[in-house]
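Enquirer: Got a structure here, written out as structure tokens. Questions coming.
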Amino acid sequence: MSHRHARTSPAARAPAVALAALSLLLIPAASEARVAPPPPPPPGSTTQFVCEEPVEDPPQQVVDEYEEYYACALPILADWLVEHPSETARAARQYESLSASQGHDLRGRPKAGRWMRAHPVEFSDRRVELSRRQVSALAPDRSSSPASVSGAFQRLFVDRDEDRLHLMIDERGLTSVDISSRYDFEVEGHSDRGDRDFFIVDGDTAYIEERPESGGGRDLVVLDISDPDDPRELRRLRGVLPEADAAGGSYHAGMKSEPPTLAHYRQIKRGEMAVRSCGPLPRTQGPQGRVTCRPDGSCYRERVTSEPKEGMMCERRAHTPRQPVVRGSPTRIPDERAQLGRRAPATAGPSDDGAAAAAPRAERSVEGSSADADRAASAPEGGSGGAGSLSQMMVYGDTLYVLSAREGQPNGWLSTFDIRRPERPSPAGVLELDNGPEALQRHDNLLLVAGRDAIVTASLGRPRAPRLVGEFRQNCPVDFDPVVVQGSVAYRTIIVDSRRRACTSRLEVIDLSQPHRPALRTTRSIPRPRGLAVLGERLFVADETRGVRVFDLTDPVSPRAAGLLELAGVKDLVLSDFDLYAMTPDEVRTYYVGPAYQRGISANEAVEEVRGVTTVAGGEPSPSPWFLRTFLGAGGVR
């Protein structure tokens with residue numbers, strides 16, 4: 001370990017084939033720097049940090065025990081890693097990226113507020129109203145029998161510019177549907193690949209995730225979709241999406257055929273991976289508490305503190321009590337730009353962190369007589385389309401963000417990719433998450449990571465190096481929790497299958513005017529809410545038990561029920577222009593929601609005029625997990 005206690009290296013006793021793998025374990029990552037300690041949290045904060053305090057002169061007994069243990073364990077672990085050379089090298093690179101992001105979790109620190117002042121969010125909000133003539137002019141002029149495609153629907157994406165609906169369908173993969181003729185849709189081609197999540201970059205390129213049969217990290221696959229009838233694979237980045245797992249903390253012979261994950265590799269590097277045939281890890285207590293030694297020879301002692309000291313490597317641990325609803329909020333939450341300053345427009349440039357500003361979409365005109373100003377006025381822009389609220393992929397400028405999560409696991413990963421050349425994405429970084437992540441949403445340069453344990457806000461001030469700046473955390477056993485944003489307000493749904501006092505399935509309204517301090521404003525009980533879509537003064541919420549619930553957002557922090565569009569089993573929504581695409585496991589129903597925005601009548605009256613037709617029909621759908629649990633007593637995956 002140290003020179004004073006040097007003995008024969010376990011590497012010298014290992015088989016020659018294991019030397020390369022052992023070198024990865026014994027040499028610290030070049031980018032792993034001991035970051036400066038964070039400032040102490042504000043008074044009353046419950047944020048704590050688990051810190052590694054270096055031990056320069058560890059007790060002789062501790063050193064002896066670890067040397068003896070590693071003499072047994074390291075050759076075995078090295079043999080495992082050598083069995084999977086490409087996966088091990090990939091995990092090593094991801095570990096270096098993870099180490100480089102050690103200082104990027106700013107939650108609970110004064111630095112989060114300073115970061116947001118330097119990288120403010122441009123909150124955008126607008127009023128959307130249509131005249132009666134505009135409602136009529138924008139309505140679809142035809143409908144036909146639904147486009148038919150077999151399989152259960154998992155995710156949807158509406159490419160408004162290309163007039164295409166994309167669905168991820170079991171056993172068919174990414175499937176394209178031509179929606180240029182409202183509502184007479186036509187199924188085009190499919191990819192035969194893809195597991196669940198995907199993102200459409202433009203009319204030529206799509207990204208999908210795919211789980212390899214050999215296990216380990218998921219592949220990121222680039223598809224050429226320029227010919228929608230025949231999408232083809234352009235490039236495959238094998239295993240670049242790290243598996244979200246608890247890693248178990250113990251290696252056994254039955255794992256040798258399984259490739260190591262990032263979590264495994266990190267445990268090995270940190271001296272936390274036990275080998276069953278060698279017994280448990282040493283647990284000797286020194287005079288100042290337990291001392292742990294790594295394979296590279298460094299030793300440390302863990303300290304739990306709210307005020308980390310200089311020289312410590314720390315990880316945040318949150319013990320946040322249930323946050324109360326903040327009452328007495330203003331009718332419209334004030335924009336924080338007055339305090340933070342106005343954000344300069346983003347421009348494309350040579351910098352790695354540059355993000356190109358999106359060009360505004362031209363408004364669609366409604367033809368009519370010049371004698372009637374109402375007829376001549378151009379119609380407001382409707383929904384922008386894009387990914388559904390359940391998506392685990394998101395793009396900002398020339399950076400792709402992908403979640404790695406697993407049901408029931410609190411930890412996950414946020415991977416970033418440089419997509420300045422969309423057909424050749426390259427890994428840019430990995431950030432650890434601790435909120436049971438499930439879905440991504442973005443508003444300007446603010447990324448929201450919705451999770452079972454908390455909703456986390458991340459600043460994209462440096463797009464390829466996001467900073468976690470805030471969180472809203474609740475003590476509820478939550479399942480499924482997507483989020484959408486309009487202005488400085490987030491609308492989030494949660495499902496609580498295990499009922500607790502003051503913990504029910506509901507819609508939550510969260511104030512984001514200070515992104516590093518999200519605050520709950522209002523809740524509305526909903527039996528089983530899933531995906532959401534928002535535009536202007538209307539919020540649409542998918543309720544699996546009944547259909548699409550519509551809320552009036554005249555007061556954005558106090559949604560008022562305005563009506564119900566019946567559609568059992570609905571789980572996600574996308575609003576493109578004034579067409580609302582509602583997806584169930586076996587159907588896409590498209591609603592023309594223009595009437596919901598007609599001025600001069602009440603929201604309840606307006607919603608009563610909304611009609612929908614089934615535009616895509618699937619076959620042999622898979623029962624939802626809720627159906628299985630409720631009626632068959634079985635579980636299921638999302």
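The values are calculated or read from the model by the stated rules, or taken from the named source; none is laboratory data. These numbers come from a predicted model, not from an experiment. All Cβ positions, glycine included, derive from the backbone under ideal geometry; neighbour counts span all protein chains shown. Protein only, heavy atoms only, side chains kept; ligands, DNA and RNA dropped before computing areas. Shrake-Rupley method; radii C 1.70, N 1.55, O 1.52, S 1.80 Å.
Enquirer: With the crude spin-label approximation of a point 7 Å out along Cα→Cβ, what separation in nm comes out for GLU315 versus THR545?
Expert: The answer from the label model is 3.9 nm.
Enquirer: Could I ask something else about it? Which cross-chain or sequence-distant (5 or more) residues have an amide H under 5 Å from the amide H of THR399, H modelled 1.01 Å from N in plane?
Expert: ILE419
Enquirer: How far is it, in nm, from the label point at MET255 to the one at ARG93 when both lie 7 Å from their Cα along the line to the Cβ?
Expert: Rounded to a tenth, the inter-label distance reads 2.3 nm.
Enquirer: Still on this structure, please answer the following. Leaving out ligands and nucleic acids, and using a 1.4 Å probe, what accessible area per residue does the range 107-190 come to in Å²?
Expert: Details: 3760 Å² over 84 residues.
With the other protein chains kept in place, the range 107-190 gives 45 Å² per residue.
Enquirer: Now for a different question. FRET efficiency for GLN409 and GLU68, Cβ-Cβ distance as r, R0 = 41 Å, nearest 0.05?
Expert: Details: r = 33 Å, r/R0 = 0.81.
For R0 = 41 Å, the calculated efficiency reads 0.80.
Enquirer: List the residues whose amide H sits under 5 Å from the amide H of MET313, counting only those 5 or more places along or on another chain, with H placed 1.01 Å from N in the peptide plane.
Expert: GLU52
Enquirer: I've got another one for you. Go through the range 576-587 residue by residue and turn each phi into a ³J(HN,Hα) via Karplus (6.51, -1.76, 1.60, θ = phi - 60°); whole Hz please, and just put x for glycine and proline.
Expert: Computed from phi, the couplings for the range 576-587 are 10, 6, 10, 9, 9, 9, 10, 10, 10, x, 9, 7 Hz.
Enquirer: Computing the accessible area with a 1.4 Å probe over protein heavy atoms, can you report the carbon and sulfur percentage for the range 402-461?
Expert: Numbers: 610 of 1590 Å².
In the range 402-461, the share of accessible area belonging to carbon and sulfur is 38 percent.
Enquirer: Still on this structure: Assign one of three labels to the range 476-606, namely rounded, prolate or oblate, based on the Cα gyration tensor with a ≥ b ≥ c the square roots of its eigenvalues; rounded applies when a/c is under 1.5, prolate when it is not and a/b is larger than b/c, and oblate otherwise.
Expert: Working: a/c = 1.74, a/b = 1.17, b/c = 1.48.
Taking the square roots of the gyration eigenvalues as a ≥ b ≥ c, the range 476-606 is oblate.
Enquirer: Enumerate the calculated ³J(HN,Hα) couplings along the range 169-180 in order (Karplus 6.51 cos²θ - 1.76 cosθ + 1.60, θ = phi - 60°), each rounded to whole Hz, writing x wherever the residue is Gly or Pro.
Expert: Couplings: 10, 3, 6, 10, x, 6, 10, 9, 10, 6, 10, 5 Hz.
Enquirer: Moving to a separate point now. What is the extension gain from THR523 to GLU186, computed as 0.36 nm multiplied by their sequence separation minus the C-alpha to C-alpha distance, in nm to one decimal? Walk me through the intermediate numbers first.
Expert: Details: separation 337, 0.36 × 337 = 121.32 nm, distance 3.99 nm.
Residue separation times 0.36 nm, minus the Cα-Cα distance, leaves 117.3 nm.
Enquirer: Using the Cα gyration tensor of the range 114-226, with a ≥ b ≥ c the square roots of its eigenvalues, what is the shape: rounded (a/c below 1.5), prolate (a/b larger than b/c) or oblate (neither)? Can you show the working numbers first?
Expert: Details: a/c = 2.73, a/b = 1.13, b/c = 2.41.
Oblate, because a/c is 1.5 or more while a/b does not exceed b/c.
Enquirer: What FRET efficiency comes out for the pair THR305/ASP79, r = Cβ-Cβ distance, R0 = 45 Å, nearest 0.05? The partial results should precede the final answer.
Expert: On the way: r = 39 Å, r/R0 = 0.86.
Once rounded, the FRET efficiency stands at 0.70.
Enquirer: Then there is this: How much accessible area per residue does the range 511-609 have, counting only protein heavy atoms and a probe of 1.4 Å, in square angstrom?
Expert: On the way: 2850 Å² over 99 residues.
Solvent-accessible surface per residue comes out at 29 Å².
Enquirer: Extension gain ARG276-ARG117, at 0.36 nm per residue separation less the Cα-Cα distance, in nm? All intermediate terms of the calculation are to be shown ahead of the outcome.
Expert: Values: separation 159, 0.36 × 159 = 57.24 nm, distance 5.04 nm.
Here the answer is 52.2 nm.
Enquirer: How much length, in nm to one decimal, is gained on full extension between SER426 and ASP141, taken as 0.36 nm per residue of separation minus their Cα-Cα distance? Display every interim value, and only then the final one.
Expert: Working: separation 285, 0.36 × 285 = 102.60 nm, distance 4.47 nm.
Working it through step by step, the gained length comes to 98.1 nm.
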